[in-house]
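In what follows, a structure is listed as structure tokens, so that the remarks can point back to it.
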Amino acid sequence: MNHFTPVPSLLGGILIGIAVSLLLLTHGRVAGISGVYGGLFRRGAKDRDVRFAFVAGLVFAGLVVRVFSPAAFATSWSATLPLALVAGVVVGLGTQLGGGCTSGHGVCGVSRFSTRSIVATITFMGTGGLTVYVVRHVFGAGQ
């Protein structure tokens, strides 16, 4: 582990917990990003303004961090635009197949003791760990 940051990580987790709790308490919605974002494009969505505000808040927060702490976006990942687009589409397909994303299942579902979300989160984490292992140790990349 290169950067152990328990205090900022704890504060970030607290803020995420507050945000998802407020959305659930005030609007009865689980803060699954893929579901919130996908609902922006569904016909007849009654809560489009809430969805738009939520997504706009995510984008705005990212822009604020980019301005005040550009190092937070530093990465050694050098994927091409086509690869990044394909990866995004695959993630989108996975969220549809899994009935939600890591934020909806992992943050919101697990905290509600949803069996479906617990199984989905174990699947996400296991698949992610296996992917890292294969990429690093079988293909020898990313070392």
TODO: Among residues belonging to segment 38-52 that are open to solvent by 30 Å² or more (accessible area, probe 1.4 Å) and not hydrophobic (A, V, I, L, M, F, W, C), point out the one that is modelled with the lowest pLDDT.
DONE: K46
Open item on the list: If G35 meets every condition in (1) part of a loop (DSSP other than H, G, I, E, B); (2) surrounded by 15 or more Cβ atoms within 10 Å (Cβ to Cβ) apart from one, which number is that one?
Closed with: (1)
- [ ] Look through segment 53-78, keep the residues that are at pLDDT below 90 and touching a helix residue (DSSP H, G or I) at 6+ places or on another chain (Cβ under 7 Å), and return whichever of them is surrounded by the most Cβ atoms within 10 Å (Cβ to Cβ).
- [x] F54
Task: Single unsatisfied condition, G100 versus (1) in a helix (DSSP H, G or I); (2) open to solvent by less than 60 Å² (accessible area, probe 1.4 Å); (3) within 20 Å of G13 (Cβ to Cβ) - done: (1)
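Considering only residues that are charged (D, E, K, R) and in contact with a helix residue (DSSP H, G or I) (Cβ under 9 Å, 6 or more places away or on another chain), look in segment 22-52 and name the one that is nearest to T102 (Cα to Cα).
Among those that are charged (D, E, K, R) and in contact with a helix residue (DSSP H, G or I) (Cβ under 9 Å, 6 or more places away or on another chain), it is R29.
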TODO: Please indicate, with yes or no, whether at least one residue in segment 120-140 is within 20 Å of S21 (Cβ to Cβ), modelled with pLDDT of 85 or more and among the hydroxyl-bearing types (S, T, Y).
DONE: yes
Open item on the list: Need pairs with beta-carbon distance below 9 Å; first residue farther than 20 Å from R136 by Cα and within segment 77-91, second surrounded by 10 or more Cβ atoms within 10 Å (Cβ to Cβ) and hydroxyl-bearing (S, T, Y); sequence gap 6+ or separate chains.
Closed with: V91/S34
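Only one of R51, R66, R29 is closer than 21 Å to R116 by Cβ and charged (D, E, K, R); which? Break it down stepwise before answering.
Details: R51 fails: closer than 21 Å to R116 by Cβ; R66 fails: closer than 21 Å to R116 by Cβ.
Step by step, each of R51, R66, R29 is checked, and only R29 is closer than 21 Å to R116 by Cβ and charged (D, E, K, R).
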Task: Yes/no for R112 being within 25 Å of L15 (Cβ to Cβ), of a type in the set (D, E, K, R) and open to solvent by 100 Å² or more (accessible area, probe 1.4 Å) - done: yes
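The values are calculated or read from the model by the stated rules, or taken from the named source; none is laboratory data. Because the structure is predicted, anything quoted here is derived from the model rather than measured. Don't worry about glycine lacking a Cβ; one is built from the backbone with ideal geometry, like all the others, and counts go over all protein chains shown. Areas reflect the complete protein model, heavy atoms only, side chains present, ligands, DNA and RNA absent. Shrake-Rupley method; radii C 1.70, N 1.55, O 1.52, S 1.80 Å.
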